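The values are calculated or read from the model by the stated rules, or taken from the named source; none is laboratory data. Please read these numbers as outputs of a predicted model, since none were measured by experiment. Ideal geometry is used to build each Cβ from the backbone, glycine not excepted, and the neighbour counts take in all protein chains shown. Accessible surface areas use protein heavy atoms only, side chains included; no ligands, DNA or RNA. Shrake-Rupley method; radii C 1.70, N 1.55, O 1.52, S 1.80 Å.
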Amino acid sequence: MTIHTLFTPAASPPLLAPPGVYRPQHDTRLLARALQREDMKPGTRVLELGTGSGALALAAASRGARVTAVDISRRAVLTARLNAMIARTHVTVRRGDLTAAVAGESYDLVISNPPYVPSPDARPPRRGAARAWDAGHDGRMLVDRICDAVPGVLRPAGVLLVVHSGLCGVDATLDRLTGAGLAAVVVDRATVPFGPVLRSRLPWLRRTGLLRDEAEEELVVIRAEHA
């Protein structure tokens, strides 16, 4: 079991992250920074899709939000529940496939750090650690589904915050969200070193044209607001 700290302006407890559960990394911290800028009041209803360790769900709950966190991985669900217990913070954690786990409910804010790494395998893995990052040939398998599903659970003036790699196509996400009736913009960017997974795939990424001569990866946070 590994312990990690999520660096946000608000104090956060150490997080447990067992093997097979996504650990807080650059993208988690970038999304946490965007989350801090949102106007959350006690009782604000927040949904996190793909919670992993529960880091972002806990960050929202620490500000008084009523948080529901969803993940398809049993191990992630158990880990998020355990981290909430350790933090003595209430988070409702459900196992399910994106918004199908919260059918009939609506939220003021939806946050997501989904799997977005392009993979030589067309289908995402059904088990194992790679399930937390692999997302098909273009990395958009989960991003596109989130763009399509979230408008159905957002309240009027509700907001989606989603983080992903520039390798997935930032304009594609903006266009898809705009087409779904949301006002979408990039609100944060960061350039980070390639991690071990992307480094192992550099030849494939260059052959497919997803990557040219870049030496680092760009991460973006997109904010989309319901009219």
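Take the residues in region 44-89 that are over 22 Å from Leu154 (Cβ atoms) and among the β-branched types (Val, Ile, Thr); name whichever of them is surrounded by the most Cβ atoms within 10 Å (Cβ to Cβ).
Step by step, filter region 44-89, then rank; the result is Thr79.
Restricting region 131-146 to residues that are in contact (Cβ under 8 Å) with a residue 40 or more places away in the chain and part of a helix (DSSP H, G or I), which is farthest from Thr51 (Cα to Cα)?
My answer is Arg145.
Scan region 193-214 for residues that are surrounded by fewer than 16 Cβ atoms within 10 Å (Cβ to Cβ) and either in contact (Cβ under 8 Å) with a residue 12 or more places away in the chain or in contact with a Gly (Cβ under 7 Å, 6 or more places away or on another chain) (or both) and jot them down.
The answer is Pro193, Gly195, Val197, Trp204, Thr208.
Go over the candidates Gly179, Gly158 one by one and state the one that is over 21 Å from Gln25 (Cα atoms), more than 16 Å from the chain's Cα centre (by Cα) and open to solvent by 50 Å² or more (accessible area, probe 1.4 Å).
Of the residues listed, the single one that is over 21 Å from Gln25 (Cα atoms), more than 16 Å from the chain's Cα centre (by Cα) and open to solvent by 50 Å² or more (accessible area, probe 1.4 Å) is Gly179.
Within region 131-138, identify whether any single residue is open to solvent by 20 Å² or more (accessible area, probe 1.4 Å) and farther than 18 Å from Leu219 by Cβ, and answer yes or no.
Looking through region 131-138, at least one residue is open to solvent by 20 Å² or more (accessible area, probe 1.4 Å) and farther than 18 Å from Leu219 by Cβ.
Give the residues of region 105-129 that are surrounded by fewer than 17 Cβ atoms within 10 Å (Cβ to Cβ) and either of a type in the set (D, E, K, R) or in a helix (DSSP H, G or I) (or both), sorted by residue number.
Answer for region 105-129, where residues must be surrounded by fewer than 17 Cβ atoms within 10 Å (Cβ to Cβ) and either of a type in the set (D, E, K, R) or in a helix (DSSP H, G or I) (or both): Glu105, Asp121, Arg123, Arg126, Arg127, Ala129.
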